[in-house]
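Enquirer: Take a look at the following structure, please.
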Amino acid sequence: MALCFIGPKEPWPNGAGFSRVSTALSESSSIHSDAPCLLTRDFPGAGLRPMPCSVLEPQGHREEATAEESQSLLQVVDAPSSPQASSEGLYFCDGLRKVDYVLVFHPRRHGSLRCTGTASVSQDQLSIVSNGNFPPPSGSSGAAAGRGAGLRREEAASVGEVFMELGMARGTEPMEAADHEMHLIRQEFEASLLEAGLEVERDGETKTHGPSFTRIHAPWPVLCREAEFLKIKVPTKQSYELKEESGFGSSMSSVWRKLNQPFEPKVPHQDHGSTKFLSHCFSRDKLHMYNITSKDTFFDNATRGRIVYEILRRTVCVRTCQTVVSPICLVGWPMAADGLSQQVLTELQGRNGISTLIAKGVYDAAFPLHDGDFKVTGPLEERTDRQVLFEEWAKYSAFYKYQPIDLVRKYFGEKIGLYFAWLGVYTQLLIPASIVGIIVFGYGVATVDTNIPSLEMCDERLNFTMCPLCDGACDYWHLSTACGTARASHLFDNPATVFFAIFMSLWAVLFLEQWKRRQISLSFSWDLTGIEEDEEHPRPKYETILLEKRQRKRQQKKKKKKKKNETVAEKLTWKDRLPGYFMNISSILFMFGLTFSAVFGVIVYRITISALMAMSPDPETKSNVRVTVTATAVIINLVVILILDEIYGAVALWLTELEIPKTETNFEERLILKAFLLKFMNAYAPIFYVAFFKGRFAGRPGSYVYVFNDYRMEECAPGGCLIELCIQLSIIMLGKQLIQNNIFEIGIPKLKKLIHALKEKETTQKEKDEERPPKQWNLDYALAPFEGLTPEYMEMIIQFGFVSLFVASFPLAPLFALLNNVIEIRLDARKFVTELRRPVTARAKDIGIWYNILSGMGKLSVIINAFVISFTSDFVPRLVYQYMYSQTGTMHGFIDHTLSFFNVSNFKPGTAPHSSDQGDITVCRYKDYREPPWSSDAYQFSKQYWSVLSARLAFVILFQNLVMFLSLMVAWVIPDVPKTIVEQLKREKKLLVDLFLQEEKEKFQLIQSLFVKPNSQSPTAGQAFPVLGKYSTLPSGPTAGDGGGPRARCRAASFSQFSDKMSSLPRKENANSKHTAV
């Protein structure tokens, strides 16, 4: 808690006035004790006049603040900025200090910050209520001010609160309580940022509308301190030459580089040489090891933003602790003389970082700035990273170029860089898969005219009279009318399909192995090897619920009068999460039921529409029943999938919140699993139905299975269900990609941007005329916030399922996925560069749980493709017929072999055709392996059925084991870590050891030099140099007796502390004792 007394007005060098303020603080305050503050006489937004610049700095720095007066300042900007700041909008008003982070808030009836008062009330008095309460907005203003000015520390300690009245102005409205509290929280939070060493600048103009911005700059000492805490790796001066290939390999690499030259992006200062600098975790004691040419550019903008974010995330705001927690929740907490005890404040810390402040509405947004405008101007060497990314990466005209992954990582961080690197590897490997798929499809086209089963189905002379497709209204029909379906089915259902299914299963394994190697290479080049996982703070919601649990336990203990020393639960247990788990399970089961209901609804639609169209008197309508019903049903499926996708995304987020995950990583992993599970079922449920269930339970003529006692279950087309599976898969895949890319990813963001622009145009014309050109923080705030990579990954994972799971039915799936991804990369790049705020860089060594999902889908694809080939296609029945039942060893007679006989006299009453144009029909055919009506086991499954079923099961087992074995062979042959990376890691480790040994040697030589007096020619016996002990690990160095004087290289500033202590060291001890004393 703090009590500030504002003294009389004093002149400021620039002509403005300020008032000296002294503070009285308790131990729990986040502001320096007894530190004088320099505030503007007229605090912005508090009913006082704004001034160009005012400062807030600790007293200890005030006397030394001369040339560096602007360091550690809280500036209220209202003066014209420098030309550099005006042109770029990336600096403070002095045009020298970078804006590393921006906090945004809306004043919310900013004019109400002024309170009515009388002329007797001094404007130079301030009152802060640090326990969340505040004085009455009207009435006893003067009394409140007087109490705030004359309150003693003892009185404040007794009541646990301190008042600081804002200055009063006449003729204004009272400030709202909530807005006043938010205003005070922001003040305290920004004061805590100053205490952490940051420099803060904010808008000084009183706004009646629109956002206000607080800019933050991290000076060099803060950057060094935080970089050491975060263990950020930086390059050292030490470098080494990478091993180059020789002989034939070198020639091939040279040729390959020349061939790839047109596809390389034009990125300035991109290091493709053979030299690599050693990297090491930053340390303030080893500044001489780093190549620091400029303190302003040594840490790039992305790293500076990450450092500031870490400070914002952990900054403690006591007022938020007391404001966020309800008064009821504070019952039972131990109180101290100055309010809440230090124990309570310690437990409350971590719950009030920037994330909590945004969640509570104190700030609207917080983000680092982009590097200026993305529009390209000037030569290539003078362009910013954002402009280079826009020109060489985000433009659709650059679709044929490689991605500048290193620049993406530098600008957006490792996590986003890994996503685009993974997407690039996936897209590149789709090229061979697409080529093989085109070859397989071409084989089907080339052999369709020589395929015997298709020719037999199209031969009208065979005159296969088929049973009616519906009861009563449908007539008998000839199999030759399904000639087109049979020919189209052969394009996808041919012997090459089996080869393609095996190839794609191995391709999935190859893709995962290739990505592991690429990931290791990126980790090495990005200096991510050996990094420790960043410590994660608990999520605000988790901490809030944990706090409430602790308070309930304290209340229970107080009622039961238990001992105070009894431990309190430090984490949430499964019992606390049990309601959330129950809600998760029940909700997921409900969503599964909803998905199956949607699929069943489409099935009912197909059945009813087929029956209605079959009863139509129009012969053209009857002939197009199957095509019309299939196409419309797939479109309905697609619309339902797109709608449920959005619903399931919101439901997964809600269910994850109910589980109360502790950290953001746990939250993200649980959200990904739920969203993937729901969206997987939603996208593939209709496809699973067509592949494995359609036509399996339809029954036979005379004994059909009915839905609602009136409609027969649908059957597969005469050419088989594989062609329908192909149609279903292609329409859902292509439609999902096109609609999501063009509408959801392009149209909706543009619509939101348009709505935001229309809202901004509601300002009056006068206010528009007074507006200055927008700064970079205004432009960035108008962009959409970054909401994570989960939607991007999810879209690609679902596509990976289309490519791998059912690829046996649609060999062209990799081709369409490739075309989509070429556009997707540029679409995502453009979105990140131009439409989203710059995200905070996040370190990541891998893509996380997504790799496990990909690996699981790769294994599942083997099983699904085995069953698709075995049970959905006619590949296995053809083999059984050719090698077991064919008289000539060919496929002649295969169609007749697969058709069973049915006596039309066995139709149930009312199900036979009412009228027939086929004449007197006594026997019709249907596709199944059953005994003929003249057999003793009429209409029972024949021996051929059991033979085919056995062969199908045997094929599934053989296919799975063969592909699994080949997959293991591929994974074994391809090492996870490239050999060159292993060698370079060993070499770097050795060079680092040598570097540090040399450093220790130089330090020891420096210590030795401290024993030499400046004017002495040679040391006396009593001033002998310390000799290395027997077990010393320091390297030996030259002594005075060696003839070579010690090297006076004063690099380690920390060793200057020994200069004042050497004279007091004992001189007549053994060497080891002297070394230990040093």
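Enquirer: Show the residues, 5+ positions off or on another chain, whose built amide H is closer than 5 Å to the amide H of Leu278.
Expert: Excluding prolines and chain starts, which carry no amide H, the hits are Thr236, Gln238, Ser239, Tyr240.
Enquirer: Right, here's the next one. Taking all protein chains in place and a 1.4 Å probe, what share, in percent, of the accessible surface of segment 381-496 do carbon and sulfur account for?
Expert: 59
Enquirer: Calculate the translational D of segment 622-708 in whole µm² s⁻¹ from Stokes-Einstein, where the hydrodynamic radius comes from the Kirkwood formula applied to all Cα pairs, the temperature is 4 °C and the viscosity 1.567 mPa s.
Expert: 81
Enquirer: How large is ³J(HN,Hα) for each residue in segment 889-902, as worked out from phi by the Karplus curve 6.51 cos²θ - 1.76 cosθ + 1.60 (θ = phi - 60°), to whole Hz, x for Gly and Pro?
Expert: The phi angles translate into x, 10, 8, 5, x, 5, 5, 4, 5, 8, 9, 9, 9, 9 Hz.
Enquirer: Rounded to the nearest 10 Å², what accessible area does Tyr581 show when all protein chains are kept and the probe is 1.4 Å?
Expert: Probe radius 1.4 Å; accessible area of Tyr581 about 70 Å².
Enquirer: Then there is this: Cα centroids of segment 279-311 and segment 951-1001: how far apart, whole angstrom?
Expert: Here the answer is 33 Å between Cα centres.
Enquirer: Projecting each Cα onto the charge dipole of segment 369-464 (Lys/Arg +1, Asp/Glu -1 at the beta carbon, about the Cα centre), which of Gln403, Ala433, Thr447 comes out farthest on the positive side?
Expert: Selected residue: Gln403.
Enquirer: Let me ask something additional. Could you work out how much longer the chain between Ser274 and Ser947 gets when fully extended? Use 0.36 nm per residue separation minus the Cα distance between them, nm to one decimal.
Expert: Values: separation 673, 0.36 × 673 = 242.28 nm, distance 6.42 nm.
Gain on extension, Ser274 to Ser947, equals 235.9 nm.
Enquirer: Could I have the simple spin-label model distance between Glu646 and Ile743, label points 7 Å from Cα toward Cβ, reported in nm to one decimal?
Expert: Result for the modelled spin labels: 0.8 nm.
Enquirer: Using a cut-off of 14 Å between beta-carbons, work out the net charge of the residues near Lys575 (Lys and Arg +1, Asp and Glu -1, Lys575 not included). Please list the in-between numbers first.
Expert: Values: positive: Lys549, Arg552, Lys553, Lys571, Arg577; negative: Asp576, Glu659.
In short, +3.
Enquirer: Sticking with this one: With a 1.4 Å probe and all protein chains left in place, how much of the accessible area of segment 619-752 comes from carbon and sulfur atoms, in whole percent?
Expert: Here carbon and sulfur together make up 67 percent of the probe-accessible area.
Enquirer: Show me the ranking of peptides 910-922, 516-528, 860-872 by mean Cβ neighbours inside 10 Å, starting with the highest. Let's see the in-between values first.
Expert: Values: 910-922: 11.4, 516-528: 18.7, 860-872: 21.8.
With the highest mean Cβ count within 10 Å placed first, the list reads 860-872, 516-528, 910-922.
Enquirer: Can you give the accessible area per residue of segment 451-545, in Å², using a 1.4 Å probe? The partial results should precede the final answer.
Expert: On the way: 3880 Å² over 95 residues.
Per residue, segment 451-545 has an accessible area of 41 Å².
Enquirer: According to a simple spin-label model (label point 7 Å from Cα along Cα-to-Cβ), what is the distance in nm between Leu96 and Phe592?
Expert: 6.6
Enquirer: With a 1.4 Å probe and every protein chain left in place, tell me how much accessible area Tyr396 has, in Å² to the nearest 10.
Expert: Counting only protein heavy atoms, Tyr396 exposes about 100 Å² to solvent.
Enquirer: Please give the net charge around Ala196, taking every other residue with its beta carbon less than 11 angstrom from that of Ala196, where Lys and Arg add +1 and Asp and Glu add -1.
Expert: With Lys, Arg at +1 and Asp, Glu at -1, the neighbours total -3.
Enquirer: At 1.4 Å probe size, put Phe499, Phe105 in order of accessible surface, largest to smallest.
Expert: Result of the area sort, largest leading: Phe499, Phe105.
Enquirer: A follow-up question, please. Using the heavy atoms of the protein chains and a 1.4 angstrom probe, tell me the accessible area per residue for segment 582-665 in square angstrom.
Expert: For segment 582-665, the per-residue accessible area is 50 Å².
Enquirer: How much length, in nm to one decimal, is gained on full extension between Arg577 and Glu176, taken as 0.36 nm per residue of separation minus their Cα-Cα distance? Before the final figure, lay out the partial values.
Expert: Working: separation 401, 0.36 × 401 = 144.36 nm, distance 3.79 nm.
Separation in residues times 0.36 nm, less the Cα-Cα distance, equals 140.6 nm.
Enquirer: From the protein chains alone at 1.4 Å, what is the descending order of accessible area for Tyr402, Tyr704, largest first? List each step's numbers first, then the result.
Expert: On the way: Tyr402 75, Tyr704 30 Å².
Final ranking, largest accessible area leading: Tyr402, Tyr704.
Enquirer: Shape verdict for segment 598-656, please, from the Cα gyration tensor: rounded (a/c under 1.5), prolate (a/b greater than b/c) or oblate.
Expert: In terms of gyration-tensor shape, prolate.
Enquirer: Considering only the other residues whose Cβ falls under 14 Å of the Cβ of Ile739, what net charge follows from Lys and Arg at +1 and Asp and Glu at -1?
Expert: Numbers: positive: Lys736; negative: Asp645, Glu646, Glu745, Glu795, Glu824.
Once all neighbours under 14 Å are counted, the net charge is -4.
Enquirer: Same structure again: With every protein chain left in place and a probe of 1.4 Å, what is the accessible surface of Tyr605, to the nearest 10 Å²?
Expert: 70
Enquirer: OK, next. Given a 1.4 angstrom probe, I'd like the percentage of the accessible area of segment 832-900 that is carbon and sulfur, rounded to a whole number. Walk me through the intermediate numbers first.
Expert: Working: 1460 of 2530 Å².
On segment 832-900, the fraction of accessible area on carbon and sulfur atoms equals 58 percent.
Enquirer: To continue, here is another question. Taking only protein heavy atoms into account and a 1.4 Å probe, give the accessible area per residue of segment 784-923 in Å².
Expert: For segment 784-923, the per-residue accessible area is 37 Å².
Enquirer: Run the simple label-point estimate for Arg257 and Tyr240 please: 7 Å along Cα→C-beta, distance reported in nm.
Expert: The answer from the label model is 2.1 nm.
Enquirer: Top to bottom by accessible area (1.4 Å), largest first, where do Phe1004, Phe503 land? Please report the intermediate quantities before stating the final value.
Expert: Working: Phe1004 10, Phe503 55 Å².
In descending accessible area the options line up as Phe503, Phe1004.
The values are calculated or read from the model by the stated rules, or taken from the named source; none is laboratory data. Since we're looking at a predicted model, the values are computed, not measured. Note that each Cβ is placed from the backbone with ideal geometry, even for glycine, and that neighbours are counted across all protein chains shown. Each accessible area value is taken on the protein alone, full model and side chains, heavy atoms only, with ligands, DNA and RNA left out. Shrake-Rupley method; radii C 1.70, N 1.55, O 1.52, S 1.80 Å.
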